[in-house]
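Let me begin by presenting the structure, written as structure tokens, before commenting on it.
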Amino acid sequence: MKTKIIGGGPAGMYFAILMKKADAARDIIVYERNGPDDTFGWGVVFSGKTLANLCAADEVSHAEITRDFEAWDNVDVVHRDQKISIHGNSFSGIARIRLLKILQRRCEELGIEIKFRTEITNVDSLRSDCDLLVGADGVNSIVRQTFAKDFQPDLSTRPNKYIWYGTNQLFHGLTLTFRQTPAGIFAVHSYKFDKHTSTFIVESDPETWSEAGFSEMSDDNTRSYLEHVFQKDLDGRPLLLNNSKWINFVLVKNRRWRFENVVLLGDALHTAHFSIGSGTKLAMEDAIALKQCFDQTADVAAALQSFESTRKPIIEDYQAAAYESMLWFENARDYIHLSPIELAYSLMTRSGRVDRESLQGRDPEFIAAYDRATD
Ligand SMILES: Cc1cc2nc3c(=O)[nH]c(=O)nc-3n(C[C@H](O)[C@H](O)[C@H](O)COP(=O)(O)OP(=O)(O)OC[C@H]3O[C@@H](n4cnc5c(N)ncnc54)[C@H](O)[C@@H]3O)c2cc1C
């Protein structure tokens, strides 16, 4: 089977790895517009359950990924200078570039060709020259655009703005920080992903963003402004740039997931708000699910149909939880009057997937403190 994959991100490379590992005779090429060392962003997060799925799918890359993971079990909520810790949430962080390097090496080991610095502009001609074309080309997917009539995408640009920085201030655990300023409210999602660096994503509603005057501000002034807002949290350390710009989250859904011999994977197919930190997880688990469909049949149309019917309900469930989480952050103004522990409880239960009972199981002391505070 001749397979062409557009996009050498986690979805595309991981699918290539799993397919080649299952059958070394498969002819697989990955096309990636960037070079092997280019990346955006900082760290990504996996849950304990995702790691178990990655281990079952490919022990070799799993061992590499977990070798120097930064693991934690706490979510910290910082509000009015008070930190509330909630334990029992198993997560790990890794630098995106490190994850990509591990997957690149594994591709090389298995004999998968990655054509770097190759931007695909004509998808149709590529697809006529293979049995399977995979669009793993991220949130602005050209594959999805080319066959928009068939995939019937639904894209919604959300109102909040966010900007992705790094910092050498280490946040041990997923730390959600809120700061009220004269311009409005800023929220930060931060976590350590290696020995020296944390991801630091600042989110703001459009009113706060306008009031602060970011539309007129240079990148340097934006960074200084936010360093000032979060001075205490950063302990005076600088924010680190990596092409950091304010952007709006785009919620991606597709009515159909496949078209003849073409299928979408990862962010090209669906997005889930970063506040539930699951984009990379979903991308790699898509790859596992699609490969499992090819374990059942070599018929491309049948495998793609099975992928859509088995995976779509799982993704819809995730997107529903992520949607609730995203709405919480979009409406953070409505919660900011809460005391720190009430805000922490509201945050922990925001997606509808975690309730009082499960929090009681994870961290009984947190629930006891919450009951004392709200009695
Ligand atoms: C602020 C923010 C925070 C996030 N935090 C987390 C997190 O904590 N945990 C987590 O798991 N995920 C997180 N994510 C999401 C995560 O980055 C993505 O969901 C994940 O990378 C999806 O993988 P992918 O392979 O589908 O797409 P991508 O990683 O976007 O890869 C797509 C690849 O395709 C290439 N490409 C695109 N077009 C072409 C073309 N025409 N020709 C050739 N190549 C092309 C691109 O260069 C890219 O390398 C976050 C995202 C954002 C924006």
Task: Surface accessible to a 1.4 Å probe, per residue, for the residues of the chain, Å² - done: 44 Å²
Task: Charge tally in the Cβ shell below 13 Å around Leu251, where Lys, Arg are +1 and Asp, Glu are -1, Leu251 excluded - done: -3
Task: Vicinal HN-Hα couplings computed from phi for region 14-19 (Karplus, 6.51 cos²θ - 1.76 cosθ + 1.60; Hz; Gly/Pro x) - done: 5, 4, 4, 4, 5, 5
TODO: Would you compute, from DSSP H runs of 4+ residues alone, the mean residue ellipticity of the chain at 222 nm, taking -39500 (n - 2.57) per run and dividing by the full residue count, rounded to the nearest 500?
DONE: -12500 deg cm²/dmol
Task: Apportionment of accessible area to carbon and sulfur, the chain, percent (1.4 Å) - done: 47 percent
- [ ] Using every Cα-Cα pair within region 93-185, state what percent have a distance larger than 16 Å.
- [x] 76 percent
Open item on the list: Check which residues have an amide H placed less than 5 Å from Asn74's amide H, if you skip close sequence neighbours.
Closed with: Asn89, Leu174
Open item on the list: Can you give me the C-alpha center-to-center distance between region 40-108 and region 147-180, rounded to a whole angstrom?
Closed with: 17 Å
Open item on the list: Distances longer than 36 Å among the Cα atoms of the chain: what percent of all pairs is that?
Closed with: 24 percent
Task: Nearest-ten-degree value, helix 300-330 long axis tilted from longest Cα axis of the chain - done: 10 degrees
Task: Contour excess over end-to-end distance, with Cα ends at Phe116 and Glu207 and 0.36 nm allotted per residue - done: 28.7 nm
Open item on the list: Under 5 Å between amide hydrogens, which residues at least 5 positions from Asn254 or on another chain qualify, with H placed 1.01 Å from N in the peptide plane?
Closed with: Asp154
TODO: Convert 20 °C to kelvin, take the viscosity as 1.002 mPa s, use the Kirkwood radius over C-alpha pairs of region 197-324 as Rh, and evaluate the Stokes-Einstein diffusion coefficient in µm²/s, rounded to a whole number.
DONE: 122 µm²/s
Task: At most 11 other Cβ within 10 Å, DSSP loop - trypsin sites (Lys or Arg not before Pro), region 246-279 - done: Arg255
Open item on the list: Could you check the spin-label model distance between Ala301 and Gln360? Points 7 Å from the Cα along Cα→Cβ, value in nm.
Closed with: 5.4 nm
- [ ] Measure nothing but the geometry: give the 0 to 90° angle between the long axis through the Cα atoms of 364-374 and the longest principal axis through the Cα atoms of the chain, rounded to 10°.
- [x] 50 degrees
Task: Extension gain from His228 to Glu260, taking 0.36 nm per residue of separation minus the Cα-Cα distance - done: 6.2 nm
Open item on the list: So for region 188-263, averaging the separation of alpha carbon pairs under 8 Å that are six or more residues apart and normalising by length, what relative contact order in percent results?
Closed with: 14 percent
Open item on the list: Given a Förster distance of 45 Å, report the FRET efficiency between Gln145 and Glu108 from their Cβ-Cβ distance, rounded to the nearest 0.05.
Closed with: 0.90
Open item on the list: Tell me the angle of helix 96-110 to the major Cα principal axis of the chain, expressed in degrees between 0 and 90 and rounded to the nearest ten.
Closed with: 20 degrees
- [ ] Mind giving me the nanometre distance, one decimal, between the label points for Thr310 and Lys83, set 7 Å out from Cα along Cα→Cβ?
- [x] 4.4 nm
Open item on the list: When a/c reaches 1.5 or more, the comparison of a/b and b/c decides; with that in mind, is region 14-81 rounded, prolate or oblate per its Cα gyration tensor?
Closed with: oblate
TODO: Averaging sequence separations of C-alpha pairs under 8 Å and six or more residues apart, then dividing by the length of the chain, give the relative contact order as a whole percent.
DONE: 21 percent
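The values are calculated or read from the model by the stated rules, or taken from the named source; none is laboratory data. Just so we're clear, the structure is a prediction, and the values are computed from it rather than from any experiment. Virtual Cβ from ideal backbone geometry, glycine too; neighbours counted across all protein chains shown. Heads up: the accessible areas ignore ligands, DNA and RNA and are worked out on the full protein's heavy atoms, side chains in. Shrake-Rupley method; radii C 1.70, N 1.55, O 1.52, S 1.80 Å.
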